[in-house]
Each structure stands twice: as C-alpha cells, then as structure tokens.
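The values are calculated or read from the model by the stated rules, or taken from the named source; none is laboratory data. Everything numeric here is computed off the predicted structure, so don't read it as measured data. Neighbour counts run over all protein chains shown; Cβ positions are idealised from the backbone, glycine included. All accessible areas refer to the heavy atoms of the entire protein, side chains included, with ligands and DNA or RNA removed. Shrake-Rupley method; radii C 1.70, N 1.55, O 1.52, S 1.80 Å.
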Amino acid sequence: MTEVIDVDLLVEAGEAELFESYKMYLNNNHIKDWKVLKIFQHTIQKFYSDDFTQAVGSFKNSFKKFLNDYNSPDKRQKLAVENMRNNVGAVLASKPAQVAFEKGKRSELEKLYGAHVKNSVYQDKITFIDSTNIENNAGPSTSKSQPVPSNNKRAISKPNTRSKKKTKRIEVRDIKHLPFDQKIHTLVNNFCSNNILNLASPGLIPERFKVEINKIKKRLQIVLPLAVNEQERQLLIRLSNTKSLEDIEALAKSIPLVPQTGNFIFLSIALTKLVALWQSEVLLNHDHKEAWLQMQLYGDLLDSAFLFDKNYSIKRSECHASTIKYLKKMKKIDGTEKDCRVDLILFNHGYGDMFTCEDKCESAMPGAVQNDIEKGNKLREKRLLYLKSIIPYKSNINHIEVLSAQFHGLTLTIYGSKMTESGDIIHYQKANASIPTSPFNHLPQAAHYLLTVLSLQRNIAINLKKLEIIFETCLKDTVEYLTAPIGVTSSNLFFREDSPGSECSWCESNTSDELELEEQERRIMECIDQQIKNLDNNDEGFLTANDWESFIAE
C-alpha cells in the first residue's frame, strides 16, 4: 500500500497548535533570531499554505495574540517581544515576506511531490521484484538449464563499460577545510565552467554543499548591507506608518532641501513622484514600455540618488560601457569585440564604470530579461578583469566588488561579482526590491525600496573608497620611502627575454632590488588591508543592518 503523506495546513491549524510552535521557536533560538520574518518562515515551513494573503492573516492574528500573552522576566526578551509586536504588520507587508512565502511554498511542494514520486518508484520496484519472483518460482522445472550461448549478447551479464573514466564524486569533506580561494576553485572545477561560480543560478551546486555555500556567502558579504543615517531612518519609518496620500505629501514637504545633506533631495524627489503616480493610478497599467518607464519612473526613483554626487557622471539611454573600450586599448580582449550598450552607467573619471543597470518593461519576454542578466554578468566579469590589470598587486582584487542591476517593470534586482586572486569569479544576487503600484497597504514595501536604493548608493561609494585607498596608499608609500611607483621598477616594457646563458647574471644583479620590492609590497599590503578593515559606514554616522526587520526594529 502506498504511504500517505500527511500535510499540516495553516488554515486548519488551531490556536493552541500555533502557540506551541511559536513557543518552541523562541525556546530553541537565540534572542537575536527573534524576528517576525524568521518566525513567519518557520511557521509556513511547518504548516502549508498556498495563499499569501490567507497565510499572512492567519499568522498575524495568532502571533499577535501569542505576543500579548507572552511573559518573561528577562528585559531583553521583553524588548524583543515588544519590537515584534510593534512591527509585525510592517514586516508582513514588505517584499521580503512575499519572497519568503513563495520560497517556502516552492520548497514544500518539491518536498511533497518528491516524496510522492519516491514512494511511487519504490512501490513499482517492489511490485516488479515480487512479480519476477512469482514467475521464477511458479513450479519445479523438469529440464536442465541450458548453457548460455557465447554469441547471445543479450544474455551475457557483463557490465557495460564507458569509454571515459567517471569523475570522482566530490564530497563536503573534500572542500571543508580548504583555504577560501582554493575552495572556490574546487567548486568551479567540478560544477561550473570558464572559471565562473554563479550563485544566482538555481540548481548549480548539489544540496549537500548548502552549509559550505552559506559560509561562502557570508564571507563574500553577499547581502546588501542596509545603511542610512538617523534622520533618513526616521523618515522611512514614518513613511511605513502613513495611511494616506495626504500624509505622504506632508512627509515630502517636511524634508529639508537647504542646506543639501545626505540623500534628502533624492527622498524628496522620489516621494513627490510617487504621490503623483499613485494619485493618477498610472502604475496600475502594466503595458508601459521601456522609454516611458525610464522617463517617468526610473529617472526619479533611481538615477536621482546619484544625481548630486560629484564623484559620478550619469549616462542614460543606450550609452556604451567604457570597460570594453579600456580593455581593447590594453589589448586584454579582442579588438574586434563589439562595444556594449547599456541603459544606465554610473561613470567615475578616475576608475571608469562604477555601476550599470539594464531596463526592461513588465511585458518583456523572459528571454529578453535573461539576456540582460547575462549581459550584466559579462560586463562585471570584464570590469573585474580591467581592475585586476590596473591594481598594484593581484591580491588587492579580493577587496573589490562590482555591482550592476536589472529593472524589470517595477522590480529592481541588484547583482554583484567578486574575483579571487587565482582568477575565479563569483556572481550572486545582492538585493531585490519593488515599487508598489498603489500606496494602500503597501507603504512598507515603498519604504523598503527607497532604503534599498539608499543602501546601494552607499555600497557603490564604499567600493570607490576601496579603489582610492588601494591606489593612494601606493603613492603615499612612494613619497614616504622615496621608492619608485609600483609598476615602474618591475616593468618589462622596454626589455625582451635574455638568452639562457645570461639569465644567472641578471638574477644576481637584481637580488637586492627584489628584496626591496618584497618589503615594499609587504608594507603597502599591510596598510591597504588595515585601512579597508577600518572602512565602516558608522564613521559617517550611518546605521547599518543586514535585513529590513532589524532596521525598522532598531
């Protein structure tokens, strides 16, 4: 008989059963993990639901009652419970809650259908074996068994042999204790191609490596760190709690524009534009084309975040990436390679394209959106190749992150890439946020979008600071120790290789120079590493958190 797979449904769960689940979560998890979003994820994993609105309603009502009844003598626990009680509505109305629900729903369906398929296959196999045994044991045979003819290929039980030797299966223990760069290289060699590890591509790495992949993500700091100053934070919290367009208009008018401080001008432009769009209900029309979105939406809700930063020039609409041009001049890529057109480029006159974004309307075909994502991947790869060729030391590339984004309708997805010293490249998705089509019951989602853009702007600024640290440290060392700039003493630009007979004399005459260069490298690398380690947004009065709930509950 086929095993029946039991499923607990959220809509059928009793209050006592849900309370017990919440209590068990709090008892088994550290207080820092007492977050509404995490408990919501835990609940939908335990109790299945295929309707987001219904799931949020059931969870919200029962969880609020549970929090009202929860008592603890510990002050920290009381504060954590109070924060969850105050923010449960805002968290559940945000984009991360929708993403968590869809992810949990897919996971549960895969588990259910996977178990069903496994049971079916197992039962079929048992049935086949039983029927075979019955046929073989139907009665005694009076004839002797005949020898198998040598030319009867179908009767020979000789195993099939492959022309190629099977690759050894890699296990977690094979990479667990490897250095970081070597761990990445091993994964690339076994599961990827072209020295690319794409963590944004689902199903690439076997599930047994989940723990190691999570460690890699943590080491790479994949999640976009949310960063705002206290005034911006208070403004976004007020936006989350507003109830009408009039309240949003009043909030936009309360933003000081003179003197220019922080990103208040961007927030003023963005909120004013959102009020106009929501009031006219034009975002409810899903047929807007790319040009309309760029002119009426993306310019005010993304570009203007960088408009008043003197470090960048904004290039819009069908501009060409400078990275390709630079690599051609340096003969790092084929000179016949076509220039790459991009919808948005954030250009710095010292270091080139700091950020790119591609746009697609909501009605665009999935293939067109995927082509844009692949274009972004290729551009980030070439950007890393370019930076690696101009930085003083190869190991400096570990500090560099290259960012790009994809706007698809009202959804902004941010991608990042890093390169190891050995040349392997890791792609990943860094953040995701959406502009709501209307303000009603979606203002936390709007606040989350603005927070994501502000954090993106600061993340790009940090990447620029890292590049400045790397190059300025080398020049400071030149001035302080009266040494030649990096790249001059070690350059082979004016020389060709010596003949084998004179190679030893060259080595002897340059021994002292090599020792000086090694000491110079040690000094510079130590200084760069320390400065980048000290590079922290908090030095400028920024508050940081790695998730939306931590931000609004701080």
Would you check if there is a residue in region 325-338 being free of Cβ contacts under 8 Å to residues at least 60 places away in the same chain, in a strand (DSSP E or B) and farther than 14 Å from Phe407 by Cβ? no
Qualifying residue in region 361-370 (condition: part of a helix (DSSP H, G or I), of a type in the set (A, V, I, L, M, F, W, C), out of contact with any His (no Cβ under 6 Å at 6 or more places or on another chain) and open to solvent by less than 70 Å² (accessible area, probe 1.4 Å)): yes
Given (1) touching a Phe, Trp or Tyr at 6+ places or on another chain (Cβ under 6 Å); (2) under 20 Å from Ala461 (Cβ atoms), Ser322 misses just (1)
So which helices (runs of 4 or more DSSP H) stay within region 1-70 end to end and still have 1 or more residues that are out of contact with any helix residue (DSSP H, G or I) (no Cβ under 8 Å at 6 or more places or on another chain) and over 17 Å from Val99 (Cβ atoms)? 15-28, 52-69
Suppose the filter is touching a residue at least 40 places away in the same chain (Cβ under 8 Å) and open to solvent by 50 Å² or more (accessible area, probe 1.4 Å); does Asp309 pass it? no
Picked from region 497-538 (must be outside any helix (DSSP H, G or I) and at pLDDT below 75), the residue farthest from Pro225 (Cα to Cα) is Ser499
Which residue pairs have Cβ atoms under 6 Å apart, sit 6 or more places apart or on different chains, and have a first residue in region 397-421 that is more than 18 Å from Met354 (Cα to Cα) and a second that is open to solvent by 20 Å² or more (accessible area, probe 1.4 Å) and assigned to a loop (DSSP other than H, G, I, E, B)? Gly409/Glu362
Evaluate the following for Ser389: is it part of a helix (DSSP H, G or I), open to solvent by less than 40 Å² (accessible area, probe 1.4 Å) and modelled with pLDDT under 95? no
Only one of Ile248, Ile205, Ile184 that is surrounded by 12 or more Cβ atoms within 10 Å (Cβ to Cβ), more than 30 Å from His399 (Cα to Cα) and of a type outside the set (D, E, K, R): Ile248
Hey, among Val56, Val99, Val91, which residue is among the hydrophobic types (A, V, I, L, M, F, W, C), surrounded by fewer than 16 Cβ atoms within 10 Å (Cβ to Cβ) and closer than 27 Å to Leu450 by Cα? Val99
Looking only at region 199-244, count how many residues are in contact (Cβ under 8 Å) with a residue 60 or more places away in the chain, in a helix (DSSP H, G or I) and more than 16 Å from the chain's Cα centre (by Cα). 8
